[in-house]
Amino acid sequence: MSIARTPEPPYTAVIFTSLRTPGDHGYDVMAARMEELAAQQPGYLGIESAREGLGITVSYWSDDAAAAAWKQVHEHVVAQQRGIESWYADYEVRIATVTRAYGKP
């Protein structure tokens, strides 16, 4: 995985923070599929993810409407439900507007 290369702000960031339940229960396969499917959605800009105990995934979208549309994609809705039922002991979703961004040139 690499750092997502996003355009000049503003754009939307969806920050998903989670604590997993023990065991895989198909999680890795579904996570890979969701990453692949998200990349096919209008307005998708990129994704970054890290997990060591606490997991944090940030997906970047052109605007709030694109992020909201992704939440409603049927296969993603199914994954969200499985997450609630099986994969996550706890989670939080935060949606933010990125107003400034900078990094190593």
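Residues that are of a type in the set (Phe, Trp, Tyr) and in a helix (DSSP H, G or I) occur at least once in the stretch 8-27.
So is Arg5 part of a helix (DSSP H, G or I), open to solvent by 50 Å² or more (accessible area, probe 1.4 Å) and in contact (Cβ under 8 Å) with a residue 40 or more places away in the chain or not? Criteria not met by Arg5. Which pairs turn up if I take residues in the stretch 84-98 that are in contact (Cβ under 8 Å) with a residue 24 or more places away in the chain and look for partners that are open to solvent by 70 Å² or more (accessible area, probe 1.4 Å) and assigned to a strand (DSSP E or B) with beta carbon separation below 7 Å, at least 6 apart in sequence or on another chain? Once the first residue is in contact (Cβ under 8 Å) with a residue 24 or more places away in the chain and sits in the stretch 84-98, its partners that are open to solvent by 70 Å² or more (accessible area, probe 1.4 Å) and assigned to a strand (DSSP E or B) give Tyr88/Leu19; Ala89/Leu19; Asp90/Leu19. Going residue by residue through the stretch 82-89, is there one that turns out to be touching a strand residue (DSSP E or B) at 6+ places or on another chain (Cβ under 8 Å), among the aliphatic types (A, V, I, L, M) and open to solvent by 90 Å² or more (accessible area, probe 1.4 Å)? Looking through the stretch 82-89, none of the residues is touching a strand residue (DSSP E or B) at 6+ places or on another chain (Cβ under 8 Å), among the aliphatic types (A, V, I, L, M) and open to solvent by 90 Å² or more (accessible area, probe 1.4 Å). Scanning the stretch 90-105 for residues that are open to solvent by 90 Å² or more (accessible area, probe 1.4 Å) and not charged (D, E, K, R) turns up Tyr91, Ile95, Thr99, Tyr102, Pro105.
The values are calculated or read from the model by the stated rules, or taken from the named source; none is laboratory data. Here the structure is a predicted model, which is why all the values come from computation and not from measurement. We place every Cβ from the backbone using ideal geometry, glycine too, and count neighbours over all the protein chains shown. When the accessible area is computed, the model is the full protein with side chains, heavy atoms only, and any ligands, DNA or RNA have been set aside. Shrake-Rupley method; radii C 1.70, N 1.55, O 1.52, S 1.80 Å.
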